Amino acid sequence: MTRIAIRPHQSDHASALAALGLHPTLARILSARGVTHARELATDLPELMAPQAMKGIDRAAVYLADAIAARRRLLIVADYDCDGATACAVGVRGLRMLGAQVDYIVPNRFEYGYGLTPEIVALAAQRNPDVIVTVDNGIASVDGVAAANARGIDVVVTDHHLPGDQLPDAAVIVNPNQPGCGFPSKNLAGVGVMFYVLLALRAELRQRGVFTPANQPRLDTLLDLVALGTVADVVKLDTNNRILVAQGLKRMRAGRMHAGVAALFRAAGREASRATTFDLGFGLGPRLNAAGRLADMSLGIECLLSDDAERAWEIAQQLDAMNRERRDIEAGMQQEALQILERPLDGLDPSSRFTVSVFNDTWHQGVIGIVASRLKEKFHRPTITFAPGDEATIKGSGRSIPGFHLRDALDLVSKRHPGLLVKFGGHAMAAGLTLRAGDFERFMDAFEGIGREWLTDDHLARVIETDGEIEDHCFDPAFVSLLEQQVWGQGFPPPTFCGEFDVLRQTVLKGKHLKLQLGRGKRQFDAIWFNHADTLGASAMVAYRLDNNTFNGVTRVQMVIEHAQ
């Protein structure tokens, strides 16, 4: 069941924001997202939270400054998703700007798995580093850090994932989510943590007289990469993250971005001059992620590190081809998953279950996370999809729904069934795990048991939150442009509206998209419902977004339908 709801808002906060000059409808939208004062909308860099509040960051700055002075060799060990790739590029570029000798490796996910494992340490040791710097991983790498220490290699952990019961014995740990860290924003992506480490390191080098405010490296040139990784990792866009993303988008729109980012815009067929978080999350991010899903992320990182526009474009085209291949694989896997779930005798019908777990021994390990996301969207259930790992294991990737903390659920499964989970980790809404090959059904039953305990009918009902009705004068390109200037994303959702409309005309495009003309009073509105071919009745309650659609130099507002009933 799906229902359309209207977000509550504080009318006094909305009035106060409107009194400061904001469009009244925008003021209402922002107040519904918890904004109480215009200063929360500031996007200038001086408004960023200071690095000093982050536990370990001053120590990291001193440690890295000493390492640079001693000409010690640094090696970044990166994660294989978009956040890891951008964090690696920010680390390599930033540390080199600050005088470090630094290189990087990004392990193949299929050979080495996630995090700084002892096997990855052995691989890294072939480069003879003095120091390993992890980006977007490492907080759970107890064994890997121990292996590095045993080889005489120090480890600096920069991460944002939730820690386990035991922290690694690293030289320094910087992670806003580690115990005892007072940094106000716990929502930094891995790339954001690395950027903060660079800010603290630059300040330490200034204090040592290496740089002055006049000649210090411009770390703000890295913000296009920070924005891309932050949006693609789907972390909550709190006030601090919105500043980072807004500054990155500003650079992109002005054409002041790295060659690899510009090439990814071109490969995605999107205009950097009108860059939005939607472009980063659904255009650039998937192309970068495709390298880590189907091969290894080194190609994506090379794209972000290249200053040669031709080479960056060459790589971006390869990434685009990988992304098309990924989409084809995903479509086949999703169809197979639906066929498995539709077998009546297997008892896997999602409508009668609280969770979805599905395994196929032919599936591609790099794509199961996307398939889990698609199935979660379709059935609105916590979903974990599994593919073969090695001969002895299977790998799972999960996505969750509001009200069901996926990592905590896996933790409870592991406590109730010791030894069932070989390893696991993640967040509230996404997690990964490894099982022994014969334990899928046992896990499926255990996971379903947690779902039945934790989830209610209200949790399992899909709710589309909207910002209610808007007046006809808001169907205007200028108002849509006003909305586009804000930074929307996870935890700060883009405006969605709802209202009752007459259905005047409707046609199906390419067999899968519904093109409509809707009416309300004397006004008529163009609308499109992507990937929906079923026609509507004479009228409908519609949840929709607004989009500026430019054709032949003329810009008109188009409604993009999210749901109709």
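The values are calculated or read from the model by the stated rules, or taken from the named source; none is laboratory data. Treat the numbers as computed from the prediction; the structure is a model and nothing was measured. Cβ placement follows ideal geometry from the backbone for every residue including glycine, while neighbour counts extend to all protein chains displayed.
Tell me yes or no: at least one residue of segment 477-486 is out of contact with any helix residue (DSSP H, G or I) (no Cβ under 9 Å at 6 or more places or on another chain), aromatic (Phe, Trp, Tyr) and either exposed (fewer than 14 other Cβ atoms within 10 Å of the Cβ) or within 19 Å of Asn548 (Cα to Cα) (or both). No; the residues of segment 477-486 include none that is out of contact with any helix residue (DSSP H, G or I) (no Cβ under 9 Å at 6 or more places or on another chain), aromatic (Phe, Trp, Tyr) and either exposed (fewer than 14 other Cβ atoms within 10 Å of the Cβ) or within 19 Å of Asn548 (Cα to Cα) (or both).
Condition check ((1) exposed (fewer than 15 other Cβ atoms within 10 Å of the Cβ); (2) not in a loop (DSSP other than H, G, I, E, B)) across all residues:
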| site | (1), (2) |
| --- | --- |
| Ile4 | no, yes |
| Leu17 | no, yes |
| Thr25 | no, yes |
| Arg28 | no, yes |
| Gly34 | yes, no |
| Arg39 | yes, yes |
| Thr43 | no, no |
| Ala60 | no, yes |
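Every residue, every condition in (1) under 30 Å from Gln485 (Cα atoms); (2) surrounded by fewer than 16 Cβ atoms within 10 Å (Cβ to Cβ); (3) among the basic types (Lys, Arg), yes or no:
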| site | (1), (2), (3) |
| --- | --- |
| Gly269 | yes, yes, no |
| Thr277 | yes, no, no |
| Ser306 | yes, no, no |
| Glu330 | no, no, no |
| Pro350 | no, no, no |
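In segment 267-290, the residues that are farther than 17 Å from Gly84 by Cα reach residues that are outside any helix (DSSP H, G or I) with C-beta atoms within less than 6 angstrom, at least six apart or across chains, in these pairs: Thr277/Trp488; Thr277/Gly489; Asp279/Arg270; Gly283/Arg270. Within segment 511-548, being out of contact with any helix residue (DSSP H, G or I) (no Cβ under 9 Å at 6 or more places or on another chain), surrounded by 13 or more Cβ atoms within 10 Å (Cβ to Cβ) and polar (S, T, N, Q) holds for Gln517, Gln524, Ser539. Of the residues making up segment 241-257, just one is in contact (Cβ under 8 Å) with a residue 24 or more places away in the chain, assigned to a loop (DSSP other than H, G, I, E, B) and surrounded by fewer than 24 Cβ atoms within 10 Å (Cβ to Cβ), namely Arg256. Only one of the numbered conditions (1) in contact (Cβ under 8 Å) with a residue 40 or more places away in the chain; (2) more than 21 Å from the chain's Cα centre (by Cα) is not met by Arg109, and that is (2). Of the strands (runs of 3 or more DSSP E) lying entirely inside segment 365-426, those carrying at least 2 residues that are crowded, with 17+ Cβ neighbours inside 10 Å and at pLDDT 95 or above are 383-388, 393-399. One residue stands out in segment 76-111 among those that are hydroxyl-bearing (Ser, Thr, Tyr) and out of contact with any Cys (no Cβ under 8 Å at 6 or more places or on another chain): the one that is surrounded by the most Cβ atoms within 10 Å (Cβ to Cβ), namely Thr86.
Restricted to strands (runs of 3 or more DSSP E) entirely inside segment 472-565, those with at least 1 residues that are acidic (Asp, Glu), closer than 27 Å to Glu377 by Cα and touching a residue at least 24 places away in the same chain (Cβ under 8 Å) are 497-509, 523-529, 539-551, 554-564. Within segment 398-419, residues that are over 10 Å from Pro382 (Cβ atoms) and in the same structural domain as Asp445 (by TED's automatic domain parsing) have Cβ atoms under 6 Å from residues that are of a type in the set (A, V, I, L, M) and in a helix (DSSP H, G or I) in these pairs: Leu412/Ile450; Val413/Ala446; His417/Ala446, counting only partners at least 6 apart in sequence or on another chain. Condition check for Gly521 on (1) touching an Asp or Glu at 6+ places or on another chain (Cβ under 6 Å); (2) at positive phi: one failure, at (1). Val193 satisfies every condition listed in (1) outside any loop (DSSP other than H, G, I, E, B); (2) crowded, with 20+ Cβ neighbours inside 10 Å; (3) over 21 Å from the mean Cα position of the chain (by Cα); (4) aliphatic (A, V, I, L, M) except (3). Among the residues in segment 141-150, are any without any contact (Cβ under 8 Å) to a residue 12 or more places away in the chain, among the small types (Gly, Ala, Ser) and either farther than 30 Å from Leu264 by Cα or out of contact with any Gly (no Cβ under 7 Å at 6 or more places or on another chain) (or both)? Scanning segment 141-150, I find at least one residue that is without any contact (Cβ under 8 Å) to a residue 12 or more places away in the chain, among the small types (Gly, Ala, Ser) and either farther than 30 Å from Leu264 by Cα or out of contact with any Gly (no Cβ under 7 Å at 6 or more places or on another chain) (or both), so the answer is yes. Looking at Ala69, Ala27, Ala60, which is the one that is at pLDDT 95 or above and outside the structural domain of Gly115 (by TED's automatic domain parsing)? It is Ala27. Among the residues here, Ala122 does not qualify as without any contact (Cβ under 8 Å) to a residue 60 or more places away in the chain, touching a strand residue (DSSP E or B) at 6+ places or on another chain (Cβ under 7 Å), farther than 22 Å from Pro51 by Cβ and part of a helix (DSSP H, G or I). Taking segment 446-470, which residues are under 27 Å from the mean Cα position of the chain (by Cα), hydrophobic (A, V, I, L, M, F, W, C) and surrounded by 16 or more Cβ atoms within 10 Å (Cβ to Cβ)? Within segment 446-470, Phe447, Ile450, Trp454, Leu455, Leu460 qualify.
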